1. Please report, in debye to the nearest 20, how large the charge dipole of the chain is about its Cα centre when each Lys and Arg carries +1 at its beta carbon and each Asp and Glu carries -1 there.
2. What are the extents of the Cα atoms of the chain along their three principal axes, listed from largest to smallest and rounded to whole Å?
3. Rg and Dmax of segment 53-92, using alpha carbons, in Å: what are they?
4. Can you send over the carbon and sulfur percentage of the accessible area for the chain, probe radius 1.4 Å, protein chains only?
5. Summing -39500 (n - 2.57) over the DSSP H runs of n ≥ 4 in the chain and dividing by its residue number, what mean residue ellipticity at 222 nm do you reach, to the nearest 500 deg cm²/dmol?
6. According to a simple spin-label model (label point 7 Å from Cα along Cα-to-Cβ), what is the distance in nm between W25 and D54?
7. If I take every Cα pair under 8 Å that is 6 or more residues apart in the chain, average their sequence separation and divide by the length, what percent do I get for the relative contact order?
8. Highest GNM mean-square fluctuation, the chain, Cα pairs closer than 10 Å: which of T123, T94, T34?
Amino acid sequence: MQIEQTPLPGVLILAPRRFGDARGWFSEVWNRRTLAGHGITTEFVQDNHSWSRDSGTVRGLHFQAPPHAQAKLVRCGRGRVFDVAVDIRKGSPTFGKWTGAELSAENGRQLLIPEGFLHGFVTREPESELLYKCSDYYDPACDGAVRFDDPDLGIDWGIDPVGAILSEKDRSAPLFRNFATPFHYEA
């Protein structure tokens, strides 16, 4: 497993090895023992799977507040997406900063996003599927969002935000400056 640091401490890109032959390939995408050897000890309790029909579909920016905050391990099983994490831990040196990575079925990369970060993605191909592990169970009372096209965050999604395909929840999400984060940075 190759592990890459991103500009946001704790947000990691995991690149599992693929073993191929004439039939196709095999890849071990999560191994608790292997990753614990790299200091990654997140316990996952829920797996999610999303499918987006059209290119330009944006899902996010989402978070789960404490006491049901979620770390996520995200990978693309079909198609191609640009996946984003934003630090929302008050007092963090990278508060309000973002990082992103292209995840695709072809490249097999995964993005590990700790608690205290917004998460979102845009599909770059139709029929894209995202699979992700979560460290806590979904709780609608702890669900929250921030506008994906917030000017203060300045995320380059690689699309014209006017043409983004959004849910009503994401379309009406608050701006970052009006958002009171429930997370605090602990050095």
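The values are calculated or read from the model by the stated rules, or taken from the named source; none is laboratory data. These numbers were taken from a predicted model, which means no experiment stands behind them. Quick reminder, even Gly has a Cβ in these numbers, built from the backbone with ideal geometry, and neighbours come from all protein chains shown. Heavy atoms of the whole protein, side chains included, go into the accessibility calculation; ligands, DNA and RNA do not. Shrake-Rupley method; radii C 1.70, N 1.55, O 1.52, S 1.80 Å.
1. Value, rounded to 20: 340 debye.
2. Ordered largest first, the chain gives principal extents of 53, 39, 29 Å.
3. In order Rg, Dmax, the Cα atoms of segment 53-92 give 13.0, 38 Å.
4. Working: 4780 of 9700 Å².
Heavy-atom surface of the chain belonging to carbon and sulfur, 1.4 Å probe: 49 percent.
5. On the way: 2 runs with 9 residues, N = 187.
So the helix-based figure for the chain works out to -1000 deg cm²/dmol.
6. Label-label distance for D54 and W25, simple model: 3.1 nm.
7. Numbers: 421 pairs, mean separation 53.9, N = 187.
Here the relative contact order equals 29 percent.
8. T34
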